[in-house]
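Below is one structure, written out as C-alpha cells, with a few remarks after it.
The values are calculated or read from the model by the stated rules, or taken from the named source; none is laboratory data. Keep in mind that what you see is a predicted model, and the values were worked out from it rather than measured. Using ideal geometry, Cβ is built from the backbone for each residue, glycine included, and neighbour counts are taken over all protein chains shown.
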Amino acid sequence: MGTFSLAPDQLTWCAELRALAEHDLAPLAEQGAPDRVNRPLVAALGRLGLLERLFTSGALDLCLMRESLARICTEAETALALQGLGAHPVHAYGTKEQRARWLPEVVAGRAVAAFALSEPGAGSDAAALTLRARRDGAGWRLTGEKYWISNAPEADFYTLFARTGPAPGAAGITAFLVPADRPGLSGDHLDMLAPHPIGSLVLDGVPVGEEDVLGEPGGGFRVAMRTLNLFRPSVGAFAVGMAQAALDATLAHTARREAFGGPLSDLQAVAHQVADMALGVESARLMVYAAAAAYDEGAGGVGSAGAEGAARGGTGGGDAEGVARRAAMAKLLATETAQRVVDTAVQLHGARALRSGHLLEHLYREVRAPRIYEGASEVQRAVIARELYKQQARQEASR
C-alpha cells in the first residue's frame, strides 16, 4: 500500500465502520446524557471489537477508525479515542500486573480510562505541571490539581503525571496509574462547549507506590509525548471525519435547495465554496495518512523533551524521520481545515444549521476543541518551525 492510497480491504473496513456507527452506536449515543460518560456506548465499542483494535493496530488504522466513526457519530469516536489515550500508556509502559488488571477491562468496555496531564497552569506547556509527588516511605503522596481532563471525574483509572523530582521542565516527571477509588482523589464536572465529559481532579495526599509507576521514575514526560505523537495524527483524522460529514451535508443541501430560480449548486459562488471545502478535506486527509504511515514505519520515537519540549527549544521533539513534525502538521492542517469547512457548511445552510439538534450545530460545537487540546495550533506551528530549523542545522553540519 502506498502512503497516499488505501487498499480495497481498508476501504471496505471503513464502510463497515460507518455502518456500525449508524446502526449500533448512534442510537446509544442519542440516549446518553450530555457531558457524561456513556457507559453503554463504551460497552458497545468493546462488544464490537473496536476497543481491542486500539492496541493491536497501528497509527493508520487508528486514523481510519476515528475518521470513519466521526463521519457518522462523533460521540462514538470520542469515546473510542479517550479509551485509547487513557489506556495506551498502560499498554506500552505498564507492568505485567498493571496490564493484566486493566487492559482486559478496557478492551471489554467495562473500565473507563483517562489521560490526566493538563493542569490549571499547564495546558499546551505540559512540562510546566506542578502536581507534586512527595516521598512517603516506599511510595509517594500526590497533591495538586488536574484540569480539562476528558472522562474525569467518572473514569475508573487515570494515567496521571506528577513531578517526582526537583528539576524544572520535563525532567523529574513520573507517570502513574491511579485507580479512581484511591483515598484523597475527588473531582468535578466542567461545563464545556464540546458535548463530551470533561472534568477536574483534586488530589489530596493520594497514595501511590512503585507498583503504580508507568515506565521509569522520572520518565513520565517521555510516556506522555510518545502517547501524544501516536494520537496527534488521529486527532486530525477526527477532524477530517467531521469535515467530511459537513461536506456531505452541504453537497446534499445545495443540490436540492432552490434559490434564485434554481438549485444553490448552480450558483458559481456556492459551487466554488464547495470545491474549496472538498480540496481542504482531501488535503488534510492525505497529510493525516502520511503522518500515520510515518509513525507505523518506525518513526514513532521522541527525544526526552518531546514535541512541546521542541517548541520551547528542548533537546528532544523528533527523530530522523521527522515524526514530531509530521504529526504536528497533520493535526494543525486537519483541525484548522475542519473549522473552516464546518463554518462554510453552516453559512451555506443558513439559519436552519443554527437550530439545536441540527447536524451542523452539533459539528460546530465539536470542531472547535481539537484546535486546542493535545497541543494548540500555536504549539503545532512552533513544533514545525523548530523541527525545520533543526533539520537545516543538521544539513549544514553535514556539509
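Key figures
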| quantity | calculated |
| --- | --- |
| Residue within the stretch 260-270 that is free of Cβ contacts under 8 Å to residues at least 24 places away in the same chain and in contact with a Phe, Trp or Tyr (Cβ under 9 Å, 6 or more places away or on another chain) present | yes |
| Set LEU230, LEU203: member being closer than 17 Å to PHE161 by Cβ, part of a strand (DSSP E or B) and either at pLDDT below 95 or in contact with a Leu (Cβ under 6 Å, 6 or more places away or on another chain) (or both) | LEU203 |
| Unique residue being out of contact with any helix residue (DSSP H, G or I) (no Cβ under 7 Å at 6 or more places or on another chain) and of a type outside the set (Asp, Glu) when the list is ALA382, ALA397 | ALA397 |
| Cβ-Cβ under 9 Å pairs, at least 6 apart or on other chains, the stretch 327-343 side assigned by TED's automatic domain parsing to the domain that holds LEU251, far side among the acidic types (Asp, Glu) | ALA328/GLU387; LYS331/GLU374; ARG340/ASP276; VAL341/ASP276; VAL342/GLU366 |
| Odd one out for SER200 among (1) surrounded by fewer than 22 Cβ atoms within 10 Å (Cβ to Cβ); (2) polar (S, T, N, Q); (3) not assigned by TED's automatic domain parsing to the domain that holds GLU119 | (3) |
| Condition check for THR143: polar (S, T, N, Q), touching a Lys or Arg at 6+ places or on another chain (Cβ under 7 Å) and touching a residue at least 24 places away in the same chain (Cβ under 8 Å) | yes |
| From ARG132, ARG53, residue being assigned by TED's automatic domain parsing to the domain that holds VAL208, over 21 Å from PRO197 (Cβ atoms) and out of contact with any helix residue (DSSP H, G or I) (no Cβ under 6 Å at 6 or more places or on another chain) | ARG132 |
| Residue among ALA249, ALA275 that alone is assigned to a helix (DSSP H, G or I) and surrounded by fewer than 13 Cβ atoms within 10 Å (Cβ to Cβ) | ALA275 |
| Qualifying positions in the stretch 165-197 - surrounded by fewer than 14 Cβ atoms within 10 Å (Cβ to Cβ) and modelled with pLDDT under 85 | GLY165, PRO166, ALA167, PRO168, LEU193 |
| ARG141 vs. criteria charged (D, E, K, R), buried (at least 17 other Cβ atoms within 10 Å of the Cβ) and over 21 Å from the mean Cα position of the chain (by Cα) | yes |
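Okay, residues lined up against (1) out of contact with any His (no Cβ under 8 Å at 6 or more places or on another chain); (2) over 26 Å from LEU48 (Cα atoms); (3) among the hydrophobic types (A, V, I, L, M, F, W, C):
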{"residue": "HIS88", "(1), (2), (3)": "yes, no, no"}
{"residue": "GLY94", "(1), (2), (3)": "yes, no, no"}
{"residue": "GLY109", "(1), (2), (3)": "yes, no, no"}
{"residue": "VAL112", "(1), (2), (3)": "yes, no, yes"}
{"residue": "GLY123", "(1), (2), (3)": "yes, yes, no"}
{"residue": "ALA128", "(1), (2), (3)": "yes, yes, yes"}
{"residue": "ARG132", "(1), (2), (3)": "yes, yes, no"}
{"residue": "TYR158", "(1), (2), (3)": "yes, no, no"}
